[in-house]
Amino acid sequence: MIFDILTIFPDFFRSPLEGGILRRGIEAGLISVNPVNLRDFTSDRHRTVDDRPFGGGEGMVMKPEPILKALDSLQISPLDAKVILMSPRGRVFNQSIAAELSVERRLVIICGRYEGVDQRISDHCVDMELSIGDYVLSGGEAAALVVMEAVGRLIPGVLGCEDSARNDSFSNGILEYPQYTRPRRFRGWEVPPVLLSGDHAAIARWRRREALKATLRRRPDLLGKAKLDPEDLRLLDGLKEERP
Ligand code: SAM
């Protein structure tokens, strides 16, 4: 997967790419990240990427020309890549969008700044606008990093152990069960005994119940869309009767 990131702050991505999952994907040849400096596609001596909004008002707007020139320089065809604009007005990013994007060959991500990007870029050059949540950041770079990290870890081979992504929260519509590690007892706090029992069926049942319980208590909105079998529904009925 190639990520081309159109930004006025290409150095923003340096440190995050030096460690963790993205670096692992890059070293394995599964991911390649190409930060593109939009100022390299300006034609004035101040390398200007913004201008005042038509109609007046506060702030500046990102000009369309440097973005279009940067896109042209990538020589992508529509079948080859998806062009994404990071924007608080976009579709709210989630795990199923991450999974959808993880099968693409190339993602071009445009990072806005100032009051945002001239609407004509969105209208004529973008396949999808993505928001990472209902709040406003100063720029699209942190949002692009969120998308790269969530998509990158779903590319086969990047995580090493594919099961860990399969069981993650949201992957099967509900939250993940709680996790414990050594020591068995810490400051008098015990690990649930079933996890030490060696009984794999009992552990799987416990985990499913805890995953449903966490989802019911923390994110009941997810349960409406999750794929639940009759046993899950029975467990949920019991959980609803328990005091939280
Ligand atoms: N004036 C815009 C509005 O109210 O919708 C906000 C512009 S914001 C200050 C500058 C840039 O940050 C945006 O163009 C976008 O690229 C990025 N950005 C801000 N919040 C974001 C979010 N929640 N998700 C994705 N990108 C965001």
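The values are calculated or read from the model by the stated rules, or taken from the named source; none is laboratory data. Please read these numbers as outputs of a predicted model, since none were measured by experiment. All Cβ positions, glycine included, derive from the backbone under ideal geometry; neighbour counts span all protein chains shown.
One table, with the values for the structure above:
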{"item": "Every residue from region 117-152 that is among the charged types (D, E, K, R) and either more than 20 Å from Gln95 (Cβ to Cβ) or near the ligand (Cβ under 8 Å from one of its atoms) (or both)", "result": "Asp118, Arg120, Asp123, Asp134, Glu141"}
{"item": "Any chance Ser73 is away from the ligand (no atom under 16 Å from the Cβ), within 15 Å of the chain's Cα centre (by Cα), part of a helix (DSSP H, G or I) and assigned by TED's automatic domain parsing to the domain that holds Arg120", "result": "no"}
{"item": "Unmet criterion (only one of (1) surrounded by 16 or more Cβ atoms within 10 Å (Cβ to Cβ); (2) at pLDDT 95 or above; (3) part of a loop (DSSP other than H, G, I, E, B)) for Pro183", "result": "(1)"}
{"item": "Wholly within region 91-162, helices (runs of 4 or more DSSP H) carrying at least 3 residues that are out of contact with any Cys (no Cβ under 9 Å at 6 or more places or on another chain) and modelled with pLDDT under 95", "result": "none"}
{"item": "Failed criterion for Arg23 (all others in (1) out of contact with any strand residue (DSSP E or B) (no Cβ under 9 Å at 6 or more places or on another chain); (2) touching a residue at least 24 places away in the same chain (Cβ under 8 Å) hold)", "result": "(2)"}
{"item": "In region 204-230, the residues that are of a type in the set (D, E, K, R) and in contact with a helix residue (DSSP H, G or I) (Cβ under 8 Å, 6 or more places away or on another chain)", "result": "Arg208, Arg209, Lys213"}
{"item": "Residue, surrounded by the most Cβ atoms within 10 Å (Cβ to Cβ), within region 37-70, restricted to residues that are among the β-branched types (Val, Ile, Thr) and more than 15 Å from the ligand (Cβ to nearest atom)", "result": "Thr42"}
